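Structure record follows, encoded as structure tokens.
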Amino acid sequence: MALGLVPLVVVLSIADGMIESISARTIETALYHVQAWSMVPTGDWTQIRGGLETSLKAVPGFRSLWPEQQGFALAYSPAGRLGLSIRGIDPRWPDVDPGVARYLKAVEGTLAMPEPGSVWIGREAAQKLGVKPGDELKLLTTRSSGSLTVPRVTPVRIAAVVSVGYQELDRLWLFAPLTLTAGLFDSSEEPVFWGIKSDVPLDRTPQFLEGVRRALGPHWQAVSWQTTGRGQFMNYQATRVLLAVVMALVLLVAAVNVSTAMVTTVGERRKETAILKALGASDQLIRRQFLVLGLGAGLVGTFVGISFGMTLAWGINGLIGLVDGAVNLFAGGGFHLLNSAYYLETIPVKFDPVVLGAAALGSVVLAVLASWWPARRAARERPLEVLRRA
Amino acid sequence: MNASNILEFRGVSKAFGGTDEPVVLFEGLDWSLGAGEAVAVVGESGTGKTTLLHLAATLERPDAGEVVLAGLPTRGLGEKDLSEIRTRTLGLVFQFHFLLKEFTVLENVALPSWLAGVPKKESWDRARRLIALVGMEKRLGHHPHQLSGGERQRVALARALVNDPALILADEPTGNLDVRHARAVQDLLLDLVTKEGKSLFLVTHDQEFARRTGRVLRLHDGLLEPL
């Protein structure tokens, strides 16, 4: 069972760790815990912020409130062009919100927007456009004017190259001050919404959302990260379930191996079984003896498998580093086992006691079940036939 | 047949070889062994002596008729009940000792007692007493491979007695032993009858040993004839 459990523990621990890490990054830097917007015109966001904050402070778990305006722009640089998601934010956001401060880091430059045209660009996007802090970038946006669509080119200056540690996000974003995006986008088409952060555990978000809805009143619409990121999180869950199923199949194969080993053991112990039966051991006792053997094998295999799996998962980054180092020793450098275009740069690992407990329990139960048929066969052994041969 | 019989065969039939060409060993065999008696069954190889003993041991079921052990008819009993009877009523000694190689002398002898549910301390005490009876008290912690053939058979005999069975079934118990060791095992078995009041059902080719039991039956053509 150990051989089956090791990949199961490693894969699920890493999958859980990656899902949790990516989810936390996405929620803290993009989705917010709850997004809210007014169904009626509210005027300038700076005017209503204080009132909103006062209302939301009454909601248990409320952490902070951030305005944001999102739109699309085509970014031009001498090196190329790239479609970017422009995120108009309060420049103080990373300074004040610990969630953003934790995940949004300046790779180059500093997280400040000293001029109205200062922007932060994602690392991947910066690489594709060949820009660095201090460089100028042109943003092509469009606004509707009557029946016409009017293009507009706005020069901006890179203040920082940023990263959230997840390349999927780093190649999409350009952060700009809200004062800039207000000029780039039509607020009727790309309105400012409010990102609300919370300290409640993620699984209690629905209750927090209800509190926000009650606090904001009937003219406001509010949705949680579970709605705004539904597709993404469903993909994660589907992937996780798929991995669990595949790993359970591996465990099943291991159980078949246990059964085969037990059949061999029963065959090897035929004489002893026959002697015991001739001396008065009941079928039940013989069956129980082999089931206990299966249980013992299951317990030992499970302990070894879970322990080794957890150790391997815990040291996976070091192990990958060793592999990278060994390959680069011969390849002359530049080799990375983990392609940062698709993964987090370090593999996060999460040991979920429920998952590990279920895997351990399943493994032991499977080992006992796999021993059932060999044990039954041993119990039905006819002692006379064996003793005659002996 | 009476209530003091420890073993009765009532119209027992047994055949081998399937329905096409069956080899009939016994047909309607009636026979009994009284409590405290000894009997030896002799006969040529293949006449069914060992099968007779296996039927008595409930390791084999008759095709017809029934075997009654200590007044209890065994026909129709399940494997669990038969195990119980074997454990409490019978002591089995085979030509081969059938000791468990991983167990010590003491453990091998105590084993049937454990199987009968006797508390561990009492099992050890009984086993020690019987091991002393067969003269193996200095070999308690030894394993079967450390013993001679005669010593193994003496241990097997002690094991057969550990549950204080009323009937000892012995199949060529001295068949693998030299003369000196064979004599010692014979003495032990016969002492159990004369001194302990046990019943002995012996299957042997050894005419001398058979005669020492006092009652010899020859199995021939499915019939038990007194000699």
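The values are calculated or read from the model by the stated rules, or taken from the named source; none is laboratory data. It should be emphasised that the depicted structure is a prediction, and the values quoted were computed from it without experimental measurement. Heads up, the Cβs are rebuilt from the backbone with ideal geometry, glycines too, and the neighbour counts pull from every protein chain shown.
Are there any pairs with C-beta distances below 6 angstrom linking a residue in region A:44-60 that is of a type in the set (F, W, Y) to a residue that is surrounded by 10 or more Cβ atoms within 10 Å (Cβ to Cβ) and not in a loop (DSSP other than H, G, I, E, B), with the two at least 6 apart or on different chains, and if so which?
Hits for this filter: A:W45/A:P67.
The conditions are (1) among the hydroxyl-bearing types (S, T, Y); (2) surrounded by 15 or more Cβ atoms within 10 Å (Cβ to Cβ); (3) modelled with pLDDT of 90 or more; (4) more than 27 Å from A:V355 (Cβ to Cβ), and A:T302 fails exactly one of them. Which is it?
Of everything listed in (1) among the hydroxyl-bearing types (S, T, Y); (2) surrounded by 15 or more Cβ atoms within 10 Å (Cβ to Cβ); (3) modelled with pLDDT of 90 or more; (4) more than 27 Å from A:V355 (Cβ to Cβ), A:T302 misses just condition (4).
Name, by its number, the condition in (1) among the β-branched types (V, I, T); (2) farther than 29 Å from B:L224 by Cβ; (3) assigned to a helix (DSSP H, G or I) that does not hold for B:T194.
Status for B:T194: all satisfied but (2).
Give the residue that is nearest to B:S83 (Cα to Cα), with candidates limited to residues of region A:263-299 that are of a type in the set (D, E, K, R) and surrounded by fewer than 22 Cβ atoms within 10 Å (Cβ to Cβ).
Looking at residues that are of a type in the set (D, E, K, R) and surrounded by fewer than 22 Cβ atoms within 10 Å (Cβ to Cβ), I get A:D283.
Mind telling me which of the residues B:G65, B:G46 ends up being under 15 Å from B:G222 (Cα atoms), in a strand (DSSP E or B), out of contact with any Asp or Glu (no Cβ under 7 Å at 6 or more places or on another chain) and more than 9 Å from chain A (Cβ to nearest Cβ)?
Details: B:G46 fails: in a strand (DSSP E or B).
Unique residue meeting the criteria: B:G65.
Find all pairs meeting these conditions: Cβ atoms under 9 angstrom apart; at least six residues apart or on different chains; first residue within region A:319-330 and in the same structural domain as A:G309 (by TED's automatic domain parsing) and in contact (Cβ under 8 Å) with a residue 12 or more places away in the chain; second residue among the hydroxyl-bearing types (S, T, Y) and surrounded by 13 or more Cβ atoms within 10 Å (Cβ to Cβ).
A:I320/A:T346
Looking at A:F290, is it more than 40 Å from the chain's Cα centre (by Cα) and part of a helix (DSSP H, G or I)? Talk me through it step by step, then tell me what you get.
Working: more than 40 Å from the chain's Cα centre (by Cα): yes; part of a helix (DSSP H, G or I): yes.
Criteria met by A:F290.
Report the residue count in region B:173-187 for those that are touching a helix residue (DSSP H, G or I) at 6+ places or on another chain (Cβ under 8 Å) and either modelled with pLDDT under 85 or under 19 Å from B:S45 (Cα atoms) (or both). Walk me through it before giving the result.
First, pick out the residues of region B:173-187 that are touching a helix residue (DSSP H, G or I) at 6+ places or on another chain (Cβ under 8 Å): B:173-174, B:176-178, B:180-182, B:184-186.
Of the ones still in play, those that are also either modelled with pLDDT under 85 or under 19 Å from B:S45 (Cα atoms) (or both) are B:173-174, B:176-178, B:180-182, B:184-185.
Number of matching residues: 10.
In this structure, is B:S123 crowded, with 19+ Cβ neighbours inside 10 Å, out of contact with any Pro (no Cβ under 7 Å at 6 or more places or on another chain), small (G, A, S) and under 16 Å from A:A278 (Cα atoms)? First the steps, then the outcome.
Numbers: crowded, with 19+ Cβ neighbours inside 10 Å: yes; out of contact with any Pro (no Cβ under 7 Å at 6 or more places or on another chain): yes; small (G, A, S): yes; under 16 Å from A:A278 (Cα atoms): no.
Taking the combined requirement at face value, the residue does not satisfy it.
Being more than 14 Å from chain A (Cβ to nearest Cβ), part of a loop (DSSP other than H, G, I, E, B) and surrounded by 14 or more Cβ atoms within 10 Å (Cβ to Cβ) is the filter here; which residues of region B:98-120 pass it?
Within region B:98-120, the first condition is being more than 14 Å from chain A (Cβ to nearest Cβ), and the residues that meet it are B:104-106, B:119-120.
Remaining after also requiring part of a loop (DSSP other than H, G, I, E, B): B:104, B:119.
Result: B:T104, single match.
Determine if region B:11-27 includes at least one residue that is in contact with a Ser or Thr (Cβ under 6 Å, 6 or more places away or on another chain), surrounded by fewer than 13 Cβ atoms within 10 Å (Cβ to Cβ), over 21 Å from B:R86 (Cα atoms) and touching a residue at least 24 places away in the same chain (Cβ under 8 Å).
No; the residues of region B:11-27 include none that is in contact with a Ser or Thr (Cβ under 6 Å, 6 or more places away or on another chain), surrounded by fewer than 13 Cβ atoms within 10 Å (Cβ to Cβ), over 21 Å from B:R86 (Cα atoms) and touching a residue at least 24 places away in the same chain (Cβ under 8 Å).
Anything in region B:68-87 that is at the interface with chain A (Cβ under 8 Å from one of its Cβ atoms) and among the charged types (D, E, K, R)? List them, or say none. Please lay out each step first, then the result.
Within region B:68-87, the subset at the interface with chain A (Cβ under 8 Å from one of its Cβ atoms) is B:79-80, B:83-84, B:86-87.
Once the filter is applied, which keeps residues that are at the interface with chain A (Cβ under 8 Å from one of its Cβ atoms) and among the charged types (D, E, K, R), region B:68-87 yields B:E79, B:K80, B:E84, B:R86.
Which residue pairs have Cβ atoms closer than 9 Å, lie 6 or more positions apart in sequence or on different chains, and pair a first residue in region B:50-61 that is more than 8 Å from chain A (Cβ to nearest Cβ) and under 19 Å from B:H205 (Cα atoms) with a second residue that is in a loop (DSSP other than H, G, I, E, B) and among the hydrophobic types (A, V, I, L, M, F, W, C)?
If the second residue must be in a loop (DSSP other than H, G, I, E, B) and among the hydrophobic types (A, V, I, L, M, F, W, C), the pairs left are B:L53/B:L59.
Quick one: count up the residues across region A:204-226 that are out of contact with any helix residue (DSSP H, G or I) (no Cβ under 9 Å at 6 or more places or on another chain) and either small (G, A, S) or assigned to a helix (DSSP H, G or I) (or both).
Result for region A:204-226: 6.
Give me a count of the residues in region A:1-14 that are surrounded by 21 or more Cβ atoms within 10 Å (Cβ to Cβ) and under 14 Å from the mean Cα position of the chain (by Cα).
Here is the first cut: in region A:1-14, the ones surrounded by 21 or more Cβ atoms within 10 Å (Cβ to Cβ) are A:1, A:4-6, A:8-9, A:12-13.
From what is left, the residues that are under 14 Å from the mean Cα position of the chain (by Cα) are A:12-13.
Counting residues in region A:1-14 that are surrounded by 21 or more Cβ atoms within 10 Å (Cβ to Cβ) and under 14 Å from the mean Cα position of the chain (by Cα) gives 2.
Yes or no: A:S64 in contact (Cβ under 8 Å) with a residue 40 or more places away in the chain and under 30 Å from A:A248 (Cβ atoms)? It would help to see each step written out before you state the result.
Details: in contact (Cβ under 8 Å) with a residue 40 or more places away in the chain: yes; under 30 Å from A:A248 (Cβ atoms): no.
Spelling it out, it is not the case that A:S64 is in contact (Cβ under 8 Å) with a residue 40 or more places away in the chain and under 30 Å from A:A248 (Cβ atoms).
On the given criteria, is B:T58 among the polar types (S, T, N, Q), part of a loop (DSSP other than H, G, I, E, B) and over 28 Å from A:A281 (Cβ atoms)?
Numbers: among the polar types (S, T, N, Q): yes; part of a loop (DSSP other than H, G, I, E, B): yes; over 28 Å from A:A281 (Cβ atoms): no.
Answer is no for this residue.
So A:L148 ticks every box in (1) among the aliphatic types (A, V, I, L, M); (2) surrounded by 17 or more Cβ atoms within 10 Å (Cβ to Cβ); (3) farther than 22 Å from A:A101 by Cα but one. Which box is left unticked?
The number of the failed condition is (2).
Every residue, every condition in (1) of a type outside the set (D, E, K, R); (2) touching a strand residue (DSSP E or B) at 6+ places or on another chain (Cβ under 7 Å); (3) within 17 Å of A:T29 (Cβ to Cβ), yes or no:
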residue: A:R152; (1), (2), (3): no, yes, no
residue: A:Q167; (1), (2), (3): yes, no, yes
residue: A:L172; (1), (2), (3): yes, yes, yes
residue: A:A176; (1), (2), (3): yes, yes, yes
residue: A:L180; (1), (2), (3): yes, yes, no
residue: A:S187; (1), (2), (3): yes, no, no
residue: A:K197; (1), (2), (3): no, yes, yes
residue: A:V200; (1), (2), (3): yes, no, no
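Just checking, does region A:262-280 include any residue being farther than 24 Å from B:L167 by Cβ, in contact with a Gly (Cβ under 7 Å, 6 or more places away or on another chain) and more than 8 Å from every other protein chain (Cβ to nearest Cβ)?
yes
Picking from A:V223, A:V292, A:V263, A:V212, which residue would you name as being β-branched (V, I, T) and under 20 Å from A:L3 (Cα atoms)? First the steps, then the outcome.
Details: A:V223 fails: under 20 Å from A:L3 (Cα atoms); A:V292 fails: under 20 Å from A:L3 (Cα atoms); A:V212 fails: under 20 Å from A:L3 (Cα atoms).
Criteria check complete, one pass: A:V263.
In region A:69-101, which residues are surrounded by 15 or more Cβ atoms within 10 Å (Cβ to Cβ) and either free of Cβ contacts under 8 Å to residues at least 12 places away in the same chain or farther than 28 Å from A:D186 by Cα (or both)?
A:G99
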